[in-house]
Amino acid sequence: QQQVKQSPQSLIVQKGGISIINCAYENTAFDYFPWYQQFPGKGPALLIAIRPDVSEKKEGRFTISFNKSAKQFSLHIMDSQPGDSATYFCAAGPSITGGGNKLTFGTGTQLKVEL
Amino acid sequence: DTAVSQTPKYLVTQMGNDKSIKCEQNLGHDTMYWYKQDSKKFLKIMFSYNNKELIINETVPNRFSPKSPDKAHLNLHINSLELGDSAVYFCASSIGGRNTEAFFGQGTRLTVV
């Protein structure tokens, strides 16, 4: 059972365009929603994260939009650049305390930004 | 300085062998993890340790045994390797508590032949 569903699986965007990746979750116990970026041969790295008390968070060209009632969140990359070409993972973390940070990841989106 | 370092980066071995992957973090974090990324790039948590104590153990075969000699190290030992164990294994660390940034190592690509 995939608790965090991510789409699309792959995405091709022209340089300067907007890349949009969507995720949906089912478990209402999630209350932390990070996005990770992974380049080939490297480990994932945190890009931006949001908590459900806000509907949007922006950092530079990257924006997370969060819709708590729909249990959906999305990543928008404005003015996409070839250097943004990577695999993007959404994730969700639980609200239950107990130590650690059990992230449930989406299936990933391979983004390619073309010149 | 590498924050989370894993060795080896590549590991090719035959079925039935036993192998270990080592991980060290110099971030002062008290929580460490092992994640498995399969051929479709799906990332799934395997284990989590907090101050050397096991706190998350997903449904992983007993052939996988993590060991944390201190809070800066988390090693993964795999017995009787199978073809299906081929994947990229990532070590990660975080400050602890919940919902904090996880820092990942570069990964160990394990290929079982």
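Brief remarks follow.
- Accessible area ranking (1.4 Å probe, heavy atoms, ligands and nucleic acids excluded), largest first, for B:Val4, A:Val54: A:Val54, B:Val4.
- Where region B:4-112 is the region considered: accessible area per residue in Å², 1.4 Å probe: 47
- Here B:Tyr10 sits with roughly 150 square angstrom of accessible surface, probe radius 1.4 Å.
- Dipole magnitude of chain B, debye to nearest 20 (Cβ charges: Lys/Arg +1, Asp/Glu -1, about Cα centre): 220
- Whole-Å distance, taken between Cα centres, linking region B:59-102 and region B:16-47: 4
- For the pair B:Thr13 and B:Leu54, the difference between a 0.36 nm per residue extended length and the Cα-Cα distance amounts to 12.0 nm.
- Computed FRET value (nearest 0.05) for B:Leu27 with A:Lys15, which takes r as the C-beta separation and R₀ as 30 Å: 0.30
- For region A:102-115, 3J(HN,Hα) per residue [Karplus equation, 6.51 cos²θ - 1.76 cosθ + 1.60, θ = phi - 60°, Hz, x = Gly/Pro]: 7, 7, 9, 9, x, 7, x, 10, 8, 9, 10, 9, 9, 6
- At a threshold of 40 Å², the residues of region B:67-113 that become less accessible to a 1.4 Å probe in the full protein assembly than in their chain on its own are B:Arg98, B:Asn99, B:Glu101, B:Phe104.
- Candidates B:Ser86, B:Ser39, B:Ser20: whichever shows maximal mean-square fluctuation once chain B is modelled as a Gaussian network with Cα springs under 10 Å: B:Ser39
The values are calculated or read from the model by the stated rules, or taken from the named source; none is laboratory data. Worth saying up front: this structure is predicted, and the values here are computed from it rather than measured. Glycine also receives a Cβ, built like all others from the backbone with ideal geometry; neighbour counts cover every protein chain displayed. In case anyone asks, the SASA skips ligands and DNA or RNA and just uses the protein heavy atoms, side chains included. Shrake-Rupley method; radii C 1.70, N 1.55, O 1.52, S 1.80 Å.
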